[in-house]
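Contents: one structure, followed by commentary.
Where a number appears in this text, it was derived from the coordinates with a stated rule and is not lab data. These figures come from a predicted structure and were not determined experimentally. Neighbour counts are summed over all protein chains in view; Cβ atoms, including those assigned to glycine, are modelled from backbone coordinates with ideal geometry.
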Amino acid sequence: MKTFVPKKNEIERKWWLIDADGKVLGRLATEISILLQGKRNPEFVRFMDSGDFVVVINAEKVVVTGKKLEQKKYYSHSGYPGGIREKTLKELLEKNPEDVLRKAVRGMIPKNKLGRAMHKKLKVYAGPDHPHEAQMPQEYQF
């Protein structure tokens, strides 16, 4: 028996539309990462990007449980001494609700060149409108 490995041009990618309204952040991010990696496809191979495109709308209406709004912190560093910046989840949701979901999904996919290619297939929008109507995304239910 031979192992089947799909060619790059044989991979058929779908477009999925996910409404984040009322969904829990972590559970939503895991489903999105599974779709981006292509783990639901029968042609899944770990060393190729065989995942689908994902469009997420209403990212500003995502829900978090517990006291995460005040306690969860995101850090960034400029590289200079004393250049560390700290924001809470509440501040980030008010300013850039798309970034919260992007960061959650980014932590769940591989940290290499392949993971960066997967992450580019994620399109997140704060409101209900998106410019991907021409791709005819199917609504994803979970």
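Here are the numbers for this structure:
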| read-out | value |
| --- | --- |
| Qualifying residue in region 65-79 (condition: in contact (Cβ under 8 Å) with a residue 60 or more places away in the chain, within 19 Å of the chain's Cα centre (by Cα) and either at negative phi or surrounded by fewer than 16 Cβ atoms within 10 Å (Cβ to Cβ) (or both)) | no |
| Filter result (among the hydrophobic types (A, V, I, L, M, F, W, C), surrounded by 13 or more Cβ atoms within 10 Å (Cβ to Cβ) and out of contact with any helix residue (DSSP H, G or I) (no Cβ under 6 Å at 6 or more places or on another chain)) within region 41-55 | Phe44, Val45, Met48, Phe53, Val55 |
| Test: residue in region 115-123 that is crowded, with 16+ Cβ neighbours inside 10 Å and charged (D, E, K, R) | yes |
| Whichever residue in region 80-114 is among the small types (Gly, Ala, Ser) and exposed (fewer than 14 other Cβ atoms within 10 Å of the Cβ) and, among such residues, is farthest from Trp16 (Cα to Cα) | Gly82 |
| Residue check, Arg102 of a type in the set (Lys, Arg) and touching a helix residue (DSSP H, G or I) at 6+ places or on another chain (Cβ under 7 Å) | no |
| Tabulated pairs, region 95-114, first without any contact (Cβ under 8 Å) to a residue 60 or more places away in the chain, second loosely packed, with under 14 Cβ neighbours inside 10 Å, C-beta under 6 angstrom, 6+ apart or interchain | none |
| Residue among Lys61, Lys67, Lys72 that alone is in contact with a strand residue (DSSP E or B) (Cβ under 8 Å, 6 or more places away or on another chain) and farther than 19 Å from Arg116 by Cβ | Lys72 |
| From the options Glu43, Glu10, residue that is touching a Ser or Thr at 6+ places or on another chain (Cβ under 8 Å) and closer than 21 Å to His119 by Cα | Glu43 |
| Residues satisfying the stated conditions in region 1-40, i.e. surrounded by 14 or more Cβ atoms within 10 Å (Cβ to Cβ) and without any contact (Cβ under 8 Å) to a residue 12 or more places away in the chain | Ile34 |
| From the options Leu93, Leu36, Leu89, residue that is of a type in the set (A, V, I, L, M) and closer than 26 Å to Phe4 by Cβ | Leu36 |
